Amino acid sequence: MQRGNTLEQLPASADAQHRVVDSIRKALASIILGKNEQISLALSCLLARGHLLIEDLPGLGKTMLAHALARTLGLSFRRIQFTSDMLPADIIGVSVFRQNSGEFEFQPGPIFSELILADEVNRATPKAQSALLEAMEEYQVSVDGETRPLPEPFFVVATQNPGDQIGTFPLPESQLDRFLMRLEIGYPDEASERELITGDDRRLLLDDLEPVTGPQMLLELQKSVRAQHVSEPLIDYVQALVRSTRESADIEVGLSPRGAQALVAAARAYAFVENHSGVYPDDIQAVFPTVAGHRLKPAGSTRFRSPTELCQHVLDSVAIP
Amino acid sequence: MKAQPRGTDGSLLLSLPWTLGALLVSLAPHIPYLAIWISVAIVGCAAWRYAIEKGRRMLPSRWVRAALALICFLGVFGTYSSISGVGPGSALLAIMAAMKLLETRKRRDQFVLLFISIFLVMSSLLREQYLWSLPYLIFSTLIIITAWLRMSARGSETARQSFATGGRLLLYAAPLAIAMWIFFPRLASPFWAVPVDSGRATSGLSDTMSPGDISSLSMSDEVAFRVRFEGAVPEPRDRYWRGLVMTSFNGRTWSGSEPRIGAPASQQVAVSGEPVAYEVTLEPTRQQWVFAMDMPMSWSLERTFMGSQQQLFRVRPIDQRVAYSVISYPNYRIQTELPVVFRNWYTNVPANSNTRSAKLAREMRVAAGSDAAYIEAVLAKFHEEEYFYTLQPPPLGNNPVDRFLFDTRRGFCEHYASAFAFMMRSAGIPARIVLGYQGGEINPLGGHLIVRQSDAHAWTEVWLERYGWYRVDPTSAVAPERIEYGARDAVLNGFGESWGYSASSELIHRLTLTWDAMNAKWNDWILGYGPEKQNKFLQWLGMDDPDWQKMLLTLVTSVIALILAISGLLMLRNRAPSRDLATVMYQRFVKKTGLEQSTGETAQEFARRAAIESTLPAAHVDAVTAAYLDARYGAAGDAALANLKSAVAAI
């Protein structure tokens, strides 16, 4: 495999990198059964330095996925359960006055971790939400006029319950845009479910899971992802897709240029995970529903019930150059 | 019939101004020829219609419209006393288009209006086809097409964009128009004929000549004809353009030049010496006379004959610009034998008029002793005595020759020719008057000769034993510069003032000449592209012996070829970026699977399907797919392409 001139900057060879990626996938698959596609997407999201929004019903393993990711990647992990009485300080931390030193001392909040699971993010008030979302965007927080950088790498995996309407504050579209992907996990297939029921407790298995890699390796993988080759015809394809979302009668607001950038970034990571020699149309198609789904505003008159269906329709109607 | 709704809702506000504009633009060339009330009515209707749309008011009722239409129809009929012909026809078309405006509610009506606009533009070409007609034609067609596009334009499309689209459409159409123009068979006598308005003023020479009735001669700069000589241009004094010949005199008016094919007129002519070949482009005169330099022996104009006084005429009046080539012989003899009957005819003068002159003529003839000496004596009299050349002579009254010779002694060519011919006839020498043009100006830019209305001239021919008809120009005895330089140059050289004529400035003259040169080229190449030129041009293009079948065939083929080429070009431009070699190879593979790739189906998805549905081995399918993806989307390039080639070849 050829990786252009980024090759010599890497301590590990391309092959070694792909071996690492494969072991991560394998480790994740041993915890989350029968969800290989979702695992690849979630992993791609992190490799593309993107934040992940998991939207699904409770009990489908949202937390488990986030936790397993942190574990296998060897990242420090914190879970923040969002509630309606939550304040920004509960996320970012507070300055506490120390009597004996006579000074204020900053008590870092849970956000100072490499991987944050923001559980049920739509339960918190917009004020608390925006504290998180700003941190996601800036990779730093400001407390008492002091700017504190967040650890590197820094990921947010947020979860959201779709059916829950009462007492929630759904994220506005502009903030949904901060998440590279919105993933749905869905029910497991029969065989996987059977194993889940009869097998060991997943939590115990998770505790036994050995980290496959560390933060340093992760940064190198991210670098390789950014070097993934993107050909001219592929860009044509992305542009055709974006144009189609803007011209479609089923879609009120199509993809923005930032959406197109996100699509290419995610597809690069996916192609890297899949060990492709460049970004293939398949990679675009694989990430398209999760990247575009929450960025499109379907028209009121559309016959498609979910954004995923809408995205599939766009994919089926645009020719691949 | 149910009454149609008449309300307007302002929905046409966007496109209506363009439609009105297109209509007015196509009307503009007609305006100088239309009665004023028609132009006013049309502009009024347009303004009225726009006001209705703007105020979202009601259109006039059916009865009002019917009444208006009837009034306009009667008005046109009353103005022209006819409804056929170019003038009344275009007037009717124009006024009815304006009436149509008053019932224009929908887009369909606007379409009709624009069709009428195109008709109006084309009908103006039936009148005149000037050099500036072409740019104007292009401009007005562009406006009409833009109006058309405005009707179907989306809200976001600006007028500028529509205009640009219109221009592009015209550009695409241009090669078709040129091909049609070149190959459409030109016929010597077309199947169709444009009805020429009778009663239109004629320009050029009048059929009769009454010196002294007109007290001033206009120096009109209007071009009578242009001449392109094949060899050297003859000297001004040799350039006598014969028009019509007058043979009878009633004491006041010379006339009697009805074209008649008598004894084969050209057989009375004996020529010698070097011929002069040239091509004349004659402006329409609505007369029959065809001008040629003395003495024409062959000419190319259809249905044109030589009259009994060696004048050329066409059976049908010259109602459109014509071009013809002529071969003339400057050395000639006409009718060395003149029968007594003719001799009497050509010496006939009314007995009781101009008696003083007649008496003087007889005395001078006796004193001179011979005919030739007598001619010399009369010319010498004009030259030596106090006779003046002027363009503004005094009126002469009932015995014009007497009054001119003895009293006023000033006049232009007609006066001298008339007096001279009278003197000859009174002395028994056969004489006649020739009207035509003399001289002309060389346009240094085009190299051709311009003969203007101001070059109109009258001279005489006298018949002498053994010589036949012999040209004598008495004007040359009085104003030799008029003959030596030509009218225009003589004026420029300062003779104009003594003639009572002032010339335009040198600069304006230069501009006129430039414009004239462009016009001459235009006439030569565009308007003069008749059967002969077409034949010559097509032969030059390599078509042997062009006839109308061949031309039509070429026309149809070239039009089809052009349409294909243009649409191909457009398709090529609008196509997605050209597919590269990898795609070509891959498509070959897709064809071999016998399956079809659906829209949005990726190569890997197709491969999964092909592994199951096609007969090809799965290994091959995978190999090709992997190689294709690598070649087209991977970073590898040529090496991957070679892989793909061998993978496809392996199947």
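The values are calculated or read from the model by the stated rules, or taken from the named source; none is laboratory data. These numbers were taken from a predicted model, which means no experiment stands behind them. With ideal geometry, Cβ positions are generated from the backbone for all residues, glycine too; neighbour counts draw on all protein chains shown. For the accessible areas, the whole protein counts, side chains as well, though only heavy atoms, and no ligand, DNA or RNA atoms are used. Shrake-Rupley method; radii C 1.70, N 1.55, O 1.52, S 1.80 Å.
If the condition is being touching a Ser or Thr at 6+ places or on another chain (Cβ under 8 Å) and in a helix (DSSP H, G or I), then the stretch B:97-106 contributes only B:A97.
When the residues of the stretch B:319-353 are filtered to those that are under 16 Å from B:E279 (Cα atoms) and hydrophobic (A, V, I, L, M, F, W, C), which remaining residue is nearest to the chain's Cα centre (by Cα)? Top of the filtered list is B:V322.
Considered as a group, the residues in the stretch A:259-282 that are over 17 Å from A:A319 (Cα atoms) and among the hydroxyl-bearing types (S, T, Y) include one that is farthest from the other protein chains (Cβ to nearest Cβ), and that residue is A:Y270. Scanning the stretch A:257-282 for residues that are surrounded by fewer than 20 Cβ atoms within 10 Å (Cβ to Cβ), more than 19 Å from the chain's Cα centre (by Cα) and either part of a loop (DSSP other than H, G, I, E, B) or among the aliphatic types (A, V, I, L, M) (or both) returns a single hit, A:N275.
Filtered by the rule that a residue be surrounded by 15 or more Cβ atoms within 10 Å (Cβ to Cβ) and within 23 Å of B:S255 (Cα to Cα), the stretch B:330-354 gives B:I334, B:Q335, B:L338, B:F342, B:W345, B:Y346, B:T347, B:V349, B:S353, B:N354.
Among the residues of the stretch B:575-583, is there at least one that is open to solvent by 30 Å² or more (accessible area, probe 1.4 Å), touching a Lys or Arg at 6+ places or on another chain (Cβ under 8 Å) and in a loop (DSSP other than H, G, I, E, B)? Yes; the residues of the stretch B:575-583 include at least one that is open to solvent by 30 Å² or more (accessible area, probe 1.4 Å), touching a Lys or Arg at 6+ places or on another chain (Cβ under 8 Å) and in a loop (DSSP other than H, G, I, E, B). Restricted to the stretch A:35-119, the set of helices (runs of 4 or more DSSP H) holding at least 1 residues that are surrounded by 22 or more Cβ atoms within 10 Å (Cβ to Cβ) and not assigned by TED's automatic domain parsing to the domain that holds A:G145 is empty. Considering each residue of the stretch B:605-651, count those that are within 8 Å of chain A (Cβ to nearest Cβ), open to solvent by less than 40 Å² (accessible area, probe 1.4 Å) and not in a helix (DSSP H, G or I), and give that number. The number of residues fulfilling the criteria is 1. Taking the stretch B:405-419, which residues are crowded, with 24+ Cβ neighbours inside 10 Å and among the aromatic types (F, W, Y)? Within the stretch B:405-419, B:F412, B:Y416 qualify.
Which of the residues belonging to the stretch A:239-250 are out of contact with any His (no Cβ under 9 Å at 6 or more places or on another chain) and in contact (Cβ under 8 Å) with a residue 60 or more places away in the chain? If the condition is that a residue be out of contact with any His (no Cβ under 9 Å at 6 or more places or on another chain) and in contact (Cβ under 8 Å) with a residue 60 or more places away in the chain, then A:A240, A:L241, A:S244, A:T245 are the ones that fit. Scanning the stretch A:224-246 for residues that are under 15 Å from A:D316 (Cα atoms), in contact with a Gly (Cβ under 9 Å, 6 or more places away or on another chain) and not aliphatic (A, V, I, L, M) returns A:R243, A:S244, A:T245.
You will find that of B:L569, B:L564, the residue that is loosely packed, with under 11 Cβ neighbours inside 10 Å, more than 11 Å from chain A (Cβ to nearest Cβ), without any contact (Cβ under 8 Å) to a residue 12 or more places away in the chain and more than 23 Å from A:H276 (Cα to Cα) is B:L564 and no other. Taking the stretch B:79-93 as the range and being open to solvent by 60 Å² or more (accessible area, probe 1.4 Å), more than 11 Å from B:I38 (Cβ to Cβ) and either of a type in the set (A, V, I, L, M, F, W, C) or at pLDDT 85 or above (or both) as the test, only B:I83 passes. Scanning the stretch B:49-72 for residues that are surrounded by fewer than 15 Cβ atoms within 10 Å (Cβ to Cβ) and under 26 Å from B:L14 (Cα atoms) yields B:A51, B:K54, B:G55, B:R56, B:R57, B:M58, B:S61, B:R62. Residues in the stretch A:283-310 that are under 18 Å from A:A42 (Cβ atoms) and either open to solvent by less than 20 Å² (accessible area, probe 1.4 Å) or facing another protein chain (nearest Cβ under 9 Å) (or both): A:D283, A:I284, A:Q285, A:V287, A:F288, A:T290, A:V291, A:A292, A:G293, A:H294. Against the condition more than 14 Å from chain B (Cβ to nearest Cβ), among the hydroxyl-bearing types (S, T, Y) and touching a residue at least 12 places away in the same chain (Cβ under 8 Å), how does A:S256 come out, does it pass? Yes; evaluated as a whole, the condition is true for this residue. Taking the stretch B:125-147 as the range and being touching a residue at least 60 places away in the same chain (Cβ under 8 Å) and either open to solvent by less than 70 Å² (accessible area, probe 1.4 Å) or not assigned by TED's automatic domain parsing to the domain that holds B:Q110 (or both) as the test, the residues that pass are B:R127, B:L131, B:S133, B:Y136, B:S140, B:I143, B:I144, B:T146, B:A147. Of all residues being within 11 Å of chain A (Cβ to nearest Cβ) and either under 58 Å from the mean Cα position of the chain (by Cα) or closer than 30 Å to B:A173 by Cα (or both) in the stretch B:576-598, which is modelled with the highest pLDDT? Just the residue, please. Per the stated criteria, the residue is B:T583. Checked against (1) within 14 Å of chain A (Cβ to nearest Cβ); (2) within 30 Å of B:P175 (Cα to Cα); (3) of a type in the set (V, I, T), B:T602 passes all but a single condition, namely (2).
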